[in-house]
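Okay, so here's the structure we're looking at.
The values are calculated or read from the model by the stated rules, or taken from the named source; none is laboratory data. Here the structure is a predicted model, which means the values were calculated and not measured. Methodologically, a virtual Cβ is constructed for each residue, glycine included, from the backbone with ideal geometry; neighbour enumeration extends over all protein chains shown.
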Amino acid sequence: MTADRRIGLLMACTTASLWGLLAIAMKVATEQVPVLTIVWFRFTFAFVVLACLVGLRDRKRLRILFRPPQLLLIGALGLTLNYMGYLGGLNYTTPSNAQVLIQTAPLMLAMVGIFVFGERLVKAQWLGVVLSLVGFVFFTLDQQQGGVVSSEHFLLGNLLLFGGAVTWVLYAAIAKHLGGIGYRPQDLNLVIYGLPALTLWFLADFEILAAMDWKLWLLMCFLGANTLVAYGALGEAFKRIPAYQVGLIITLNPLITLAAMAVLQIFSPSWLPSDKVGALGYSAALLVVGGVIQVLRKAPPAEKGVPGPDHSEAKGLKS
């Protein structure tokens, strides 16, 4: 194994781990900080740090902030709505439920690849779609039986999560297109982070931010750094190993969340959010992840004259 490949695998694992822990940290944060304030802070933190790093390397790259592609503005809006939908859904449900349901995003992105980018899925990948849908149904049943949240909140939370997945697909499709025509990923991120940081500032509750203690500030900085590091590591992984392999690793992040919640429940810390997953739920989660992996895995070579699937969009999800 080459050094470049080892770094790529490490970067992909870093992204999966950070996204796996993200749901738990955000659930804790939403208990004390409004959703829109968290969204604004995460984008602002990521933008300020990234702008400093890019500016130190080459100030000319900052010009994209003043002349961004119009399509990129729509992509930034899509990711902003994804953050809001995911955090809103997480606020009404549980970390495990949010991480499993958000896996509808890569499935929908595969559909976009078929109908928009002219890609195709082989039979084994269609089987993965079916397995994932079955897993979603059984996981939902397990969560309803668990009764951790009311049925009304559970339905509202799932609708918000699904909406967040849809808008992430919009962002990912645009990022895929712009990346394919020569834009640097980190330059695109400058606009993607900067636009919501600018437009959402008036919705942030600065009184709550000013009143936070050091522990909550540390948590909020972790959320901001998670956005910056996870997406940065993701970009580095895509440079070094095939995109479909990155997608396979990142798809494991719901299992990381489930495992982390199971371990934390042993110690029962006072800040741990309510979460309950039964045997049916764990089995369904494995079915969902296994199905998504089957969809994202590299397909066999296409027949002559028939375009094969492009897995560069298989990036998994977030907030």
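Brief remarks follow.
- Tally of residues being over 24 Å from LEU155 (Cα atoms) and in contact with a helix residue (DSSP H, G or I) (Cβ under 9 Å, 6 or more places away or on another chain) across region 64-90: 11
- Looking only at region 135-180, and only at residues there that are aliphatic (A, V, I, L, M) and not in a helix (DSSP H, G or I), the one that is surrounded by the fewest Cβ atoms within 10 Å (Cβ to Cβ): VAL148
- Checking every residue in region 257-266 against the condition of being touching a residue at least 12 places away in the same chain (Cβ under 8 Å) and of a type in the set (S, T, N, Q) gives at least one match.
- Segments classed as helices (runs of 4 or more DSSP H), wholly inside region 181-267, with at least 1 members that are buried (at least 18 other Cβ atoms within 10 Å of the Cβ): 185-199, 214-240, 243-250, 253-267
- Evaluation of SER132 against the conditions (1) modelled with pLDDT of 85 or more; (2) under 14 Å from PRO68 (Cβ atoms); (3) buried (at least 22 other Cβ atoms within 10 Å of the Cβ) shows that the sole unmet condition is (2).
- When ARG297 is tested against (1) at pLDDT 85 or above; (2) touching a Leu at 6+ places or on another chain (Cβ under 8 Å), just one condition goes unmet, and that condition is (1).
- Just so you know, in region 113-128 the residues that are crowded, with 17+ Cβ neighbours inside 10 Å and assigned to a helix (DSSP H, G or I) include one that is nearest to the chain's Cα centre (by Cα), and it is GLY113.
- Against the test of being within 27 Å of ARG184 (Cβ to Cβ), crowded, with 19+ Cβ neighbours inside 10 Å and at pLDDT below 90, the options ALA105, ALA98, ALA76 yield a single qualifying residue, ALA105.
The rows are residues; the columns are (1) basic (Lys, Arg); (2) farther than 15 Å from SER132 by Cβ.
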{"position": "ALA225", "(1), (2)": "no, yes"}
{"position": "GLY235", "(1), (2)": "no, yes"}
{"position": "ARG240", "(1), (2)": "yes, yes"}
{"position": "GLN245", "(1), (2)": "no, yes"}
{"position": "PRO254", "(1), (2)": "no, no"}
{"position": "ALA259", "(1), (2)": "no, yes"}
{"position": "SER270", "(1), (2)": "no, yes"}
{"position": "GLY278", "(1), (2)": "no, yes"}
{"position": "LEU296", "(1), (2)": "no, no"}
